[in-house]
């Protein structure tokens, strides 16, 4: 058992260019314990208060970036390396030098914060509220708090902002999913288990409060109050690798408890999404921007890995400009200007992926142009249907011949089972930017002597072939891996669309994914379904071609985000041959958002 809770708050005013407070204690207003945090603040803040940047997450406030991910840290912009750099968070050395305090909190149940480890839960979000309000109340604080961080440190921002803590003045969710079910855990109803397992076992449970041997593994200091036994550790956590398998639907308490209303977010917001984040964060940044209730909200799209662009000079300049406007009252770029003011910052800033610059090469990706827009999706979008043909073509013309094409169910990344439909070479340069929907007519038949299938899992991918040598163009994925344009998924038993829901749009069908929405899948019966495909951007060059891929499992570009849990994707439920029914009487097309050139 750990010892009695201790107060080991220390203040170091001489060892670093900033004041370093370790293990400051935030007492939770619910009476359920405390959260410990580190504070990094300018030495002038004792006399002159400063605004505060807060992060709250699971990765250890005391684990240095170089220990958490040495290779990534070696590539970080040197201007953002200090004695207290940490994974996916703003660097204290840089931000204190620019007039901000940085508060880095260990999430409840992790690092030095006692309690139950229950990441992304309602309870831990409520503790985050207390941390924000504590930061606003400190004597060295101006009372204005901003949120800035990557991935988990972005995903947690949506939830705390919706609770409207006192003092919160701005947020910058940088590549952070906003919808726990749809963005992260169950794509189209299919469990995305591989990443959750990797993330949980490497980055979360290793830092649980009370876990022995952390210091010996160079994974931060040991728990202040002492170690917990394995039984105590197990009793003090909700294991995501277990909970996400055991719960399938959004009305299960596990998922329902994590819901919130995006419209409750009222603070100024800069949502930064990455076109390459096609399996985790991209959807959340776009949808979070779309549905947030903030009067001042901005969407910025980038490319590159998820860990490095946050620290690029040009991106940090945008972060500072935005935060200075709302936390310091220093608006250099029109963030606070009224809509319609020619000096106003554009609501949307896009990066346009044209050409084959390779992947995981930051310098080459800087060749991509940037363009400002006034809304999302773009008002001038021409939604155009590209029909699937029996000859494996993709065409804007109507299809006159019939066919029933089959591919084996339960394909894997090592044994993909798929059909690919390809356009003719584009006659002129064409931009595609926005949301995509695929309407498919599908059925399943059993294998001889096999089980009777009761469901179909659809995996779809959009790829781009360069005019040069007909080679596929790959883009930078989350971990620097090569990825295609975008992907989408659907479990056919979860095909029901709620057209009456306020979030339903023709270009993005809304599904509730509840247990009451399950519809039967009977072998031999064709079903017409709409598959949500995540948003994308590409400038198709003259002579370039698009490929639309329909598969029964993960294919190239999935990386560590695999959907291969044997319980969720069991042979008993899915084994057989999946079919596409093509031609007159059946609907099979991909609706692409074609963007005409701006009128000068």
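Rule-based calculations on the coordinates, nothing more; no lab input. Predicted model, so just to flag it, every value in this text is computed and none were measured. So basically every Cβ, Gly included, is an ideal-geometry build from the backbone, and we count neighbours across all protein chains shown.
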Quickly rank 318-330, 547-559 as a protection proxy: mean count of other C-beta atoms within 10 Å, highest first. 547-559, 318-330
For residue 404 and residue 587 in the same chain, what is the full-extension length gain: residue separation times 0.36 nm, less their Cα-Cα distance, in nm? 64.6 nm
From the Cα gyration tensor of the range 151-226, with a ≥ b ≥ c the square roots of its eigenvalues, which class applies: rounded if a/c is under 1.5, or else prolate if a/b is larger than b/c, or else oblate? oblate
Between residue 71 and residue 528, what is the spin-label point distance in nm, taking each point 7 Å from the Cα along the Cα→C-beta axis? 4.8 nm
Residue 449/residue 14 FRET efficiency (R0 56 Å; Cβ-Cβ; nearest 0.05): 0.15
Please say if the range 549-588 is rounded, prolate or oblate, where rounded means a/c under 1.5 for a ≥ b ≥ c the square roots of the C-alpha gyration tensor eigenvalues, and otherwise the choice is prolate for a/b larger than b/c and oblate otherwise? oblate
Could you list the residues of the range 170-187 with an amide nitrogen less than 17 Å from a label point located 7 Å from the Cα of residue 560 in the Cα-to-C-beta direction? 175-177, 184-185
The simple spin-label model distance between residue 362 and residue 428, using points 7 Å out along Cα→Cβ, in nm, is 3.9 nm
Per residue of the chain, what 222 nm ellipticity follows from adding -39500 (n - 2.57) for every DSSP H run with n ≥ 4, rounded to the nearest 500? -4000 deg cm²/dmol
What order do you get for 561, 249 when you list them from fewest to most C-beta neighbours inside 10 Å? 249, 561
Spin-label proximity, residue 505 to the range 343-373 - amide N less than 18 Å from point 7 Å beyond Cα toward beta carbon: 347-351, 372-373
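Please sort 119-129, 367-377 by packing, taking for each peptide the average over its residues of neighbouring beta carbons within 10 angstrom, highest first. Write out the running numbers ahead of the final one.
On the way: 119-129: 21.0, 367-377: 14.3.
Order by mean packing, descending: 119-129, 367-377.
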Helix 282-291 vs. the chain, principal-axis angle (Cα, 0 to 90°, nearest 10): 80 degrees
Would you mind telling me the antiparallel percentage of the DSSP bridges in the range 10-345, rounded to 5? 40 percent
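Under the 0.36 nm per residue contour assumption, what length would be gained going from the current alpha-carbon distance of residue 420 and residue 598 to full extension?
Values: separation 178, 0.36 × 178 = 64.08 nm, distance 3.24 nm.
Residue separation times 0.36 nm, minus the Cα-Cα distance, leaves 60.8 nm.
Taking the DSSP beta bridges in the chain as the whole, what percent of them are antiparallel, to the nearest 5? Please report the intermediate quantities before stating the final value.
Details: 80 of 109 bridges.
Just about 75 percent of them are antiparallel.
Beyond 21 Å, how much of the Cα-Cα pair distribution for the range 31-139 remains, as a whole percent?
Numbers: 2274 of 5886 pairs.
Of all Cα-Cα pairs in the range 31-139, 39 percent lie more than 21 Å apart.
What length, rounded to one decimal in nm, is gained on full extension from residue 46 through to residue 256, with 0.36 nm per residue of separation minus their alpha-carbon distance? List each step's numbers first, then the result.
Details: separation 210, 0.36 × 210 = 75.60 nm, distance 4.34 nm.
Length difference between fully extended and current span is 71.3 nm.
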Between the Cα axis of helix 152-161 and the main Cα principal axis of the chain, the angle (0 to 90°, nearest 10) is 80 degrees
What is the distance, in nm, between label points placed 7 Å from the Cα along the Cα-to-Cβ direction at residue 343 and at residue 242? 5.9 nm
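Which of 63, 302 has the fewest other C-beta atoms within 10 Å, and how do the rest follow up to the most? Mind dumping the intermediate values first?
On the way: 63 22, 302 26.
The order, fewest Cβ neighbours first, is 63, 302.
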Computed P(r) (all Cα pairs; the chain; 20 Å bins; percent): 20, 52, 25, 3
